[in-house]
Amino acid sequence: MPKFQKHIFICTNQREPGSARGSCTERAKGDLQKLFKAAIAERDLKGRVRANQSGCLDQCEHGPTVVVYPEAVWYGRVQPEDVSEIVESHILNGLPVARLMLRDECINTVSCEHKRPRE
Ligand code: FES
Ligand SMILES: [Zn+2]
């Protein structure tokens, strides 16, 4: 059995409502992992591409967060209507969806314009 060529990790962390950082499941307007799985199956990519649920990826303020490996492309504010574009453009054609990519300054930083200062 060949190895997977790509992994899509979809944060499905859910915090208590009202928590300071919020969480991806709270921000998502649908079941993103299910939608990615369906999009993969529809395009006959099963066995080559895997869409996995993930715990918190620590980019909560930019969520719903999705990361694609091995290229380590990070996406933020992903919603159901974006799923087929990511699969079609990035996964099938190798062109990451620029409008959804997290800026480098936003990843793993203590603060950015999207994060409220810690109290
Ligand atoms: S809750 Fe999704 S990145 Fe933290
Ligand atoms: Zn940011």
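The values are calculated or read from the model by the stated rules, or taken from the named source; none is laboratory data. A quick note: this is a predicted structure, and the numbers were derived from the prediction, not measured. Quick reminder, even Gly has a Cβ in these numbers, built from the backbone with ideal geometry, and neighbours come from all protein chains shown. SASA here: full protein model, heavy atoms, side chains in, ligands and nucleic acids out. Shrake-Rupley method; radii C 1.70, N 1.55, O 1.52, S 1.80 Å.
Quick notes
- Selection from the range 1-24 of residues that are loosely packed, with under 12 Cβ neighbours inside 10 Å and polar (S, T, N, Q): SER19
- Contact annotation: residue pairs with Cβ atoms under 6 Å, 6 or more positions apart or on different chains, pairing a residue in the range 91-111 that is within 15 Å of ligand 1 (Cβ to nearest atom) and open to solvent by less than 80 Å² (accessible area, probe 1.4 Å) with a partner that is in a loop (DSSP other than H, G, I, E, B) and not aliphatic (A, V, I, L, M), are LEU102/GLY76; CYS106/CYS112.
- Counted residues, the range 62-106 - those being within 16 Å of ligand 2 (Cβ to nearest atom), assigned to a loop (DSSP other than H, G, I, E, B) and over 11 Å from the mean Cα position of the chain (by Cα): 1
- ASP104 being over 21 Å from ALA28 (Cα atoms) and of a type outside the set (Ser, Thr, Tyr): yes
- Qualifying residue in the range 71-85 (condition: in contact with a Phe, Trp or Tyr (Cβ under 7 Å, 6 or more places away or on another chain) and not basic (Lys, Arg)): yes
- Condition met for HIS114 (open to solvent by 50 Å² or more (accessible area, probe 1.4 Å), over 17 Å from GLN5 (Cα atoms), touching a helix residue (DSSP H, G or I) at 6+ places or on another chain (Cβ under 9 Å) and within 13 Å of ligand 1 (Cβ to nearest atom)): yes
- Residues being in a loop (DSSP other than H, G, I, E, B) and either in contact with a Cys (Cβ under 8 Å, 6 or more places away or on another chain) or surrounded by fewer than 13 Cβ atoms within 10 Å (Cβ to Cβ) (or both) - total across the range 25-56: 6
- Check on PRO64, in contact with a helix residue (DSSP H, G or I) (Cβ under 7 Å, 6 or more places away or on another chain) and either β-branched (Val, Ile, Thr) or within 15 Å of ligand 1 (Cβ to nearest atom) (or both): yes
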